[in-house]
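Beneath this line is the structure, given in structure tokens, with notes to follow.
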Amino acid sequence: MTAVIVIEDDRLISEPLARALQGLNYDVTVAHTGPAGLALALNQSPDLVILDIMLPEMDGWEVCKAIREKSVVPILMLTALSEEIDRILGLELGADDYLTKPFSTRELLARVRALLRRVEYERTHVTATNQLVIGSLRIDLNQRQVFKADHPLALRFKEFELLSLLAGRAGDVITRAEIFDKVWGTDWLGDMRTLDVHIRWLREKLEDDPSNPHYIQTVRGVGYRFAPGDS
């Protein structure tokens, strides 16, 4: 059964949300403080974490950062903060999606389904020896690990999916629309600048000079192209 952890201190939100998720046959565990939610996320290996920002004892940003140091589990952040900088901070710390309060249950469930579909796709479509080797990069699709010159790189959940798509079609130009369709899903409802943020993260990790990228090349007005080999 799909396991979801909800970390939300407002019971007027957490209880109806848990019931809605249980109605979809998800196994739901609720925590009402940051430390309690972090312990659950690290000890129970959930399929998805729904994380509020404004939590007692330890805020959602701290929890998100701590989870990302140990796990690539998808994280959907809930925020009452509408400022762009607050949403971008959540993405910077490793969240895969965010939703601003107040939100409808229907919209939240749509985002949950989209994130979980990507997890299920990864589990069922990776073959036993599926690796990509491009120049000094090696991408292990089974273990979700990336190595550059045999040194491991720590990638977030969506960073890995984005890299796998681009590198799997090295040399081809992939449009922004197709990237969103394949990585975030056709029912993505978030900020379209999310892609630019993830591209920047990948360049910072992959490139010798992120300001003059070799691997991930921008094709202006269209999308991105992954170089087929080292220069």
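What follows draws every value from the coordinates through simple rules; no lab data is involved. It should be emphasised that the depicted structure is a prediction, and the values quoted were computed from it without experimental measurement. Every residue, glycine among them, receives a Cβ derived from its backbone with ideal geometry; neighbour counts consider all protein chains shown.
Of the residues I5, I50, I174, the one with the fewest other Cβ atoms within 10 Å heads the list, and the complete ranking is I174, I5, I50.
Normalising the Debye intensity of the stretch 128-226 to I(0), with uniform scatterers on Cα atoms only, and taking log10 at q = 0.10, 0.21 Å⁻¹ returns -0.25, -1.15. In percent, rounded to a whole number, the relative contact order of the chain is 13, using alpha-carbon pairs under 8 Å and six or more apart.
The residues D96, D10, D47, when put in order of fewest to most other Cβ atoms within 10 Å, stand as D10, D47, D96.
Average projection, convex hull of the Cα set of the chain: 12.7 square nanometres. When R113, R203 are sorted by how many other C-beta atoms sit within 10 angstrom of their C-beta, beginning with the fewest, the order is R113, R203. When +1 charges are put on Lys and Arg Cβ atoms and -1 charges on Asp and Glu Cβ atoms, the dipole computed for the stretch 128-226 relative to its Cα centre reaches about 40 debye. Eigenvalues of the alpha-carbon gyration tensor of the stretch 3-124, scaled by 5 and square-rooted, set the equivalent ellipsoid semi-axes at 18, 17, 15 angstrom, largest first. With both residues required to sit in the chain, DSSP beta bridges show an antiparallel share near 50%.
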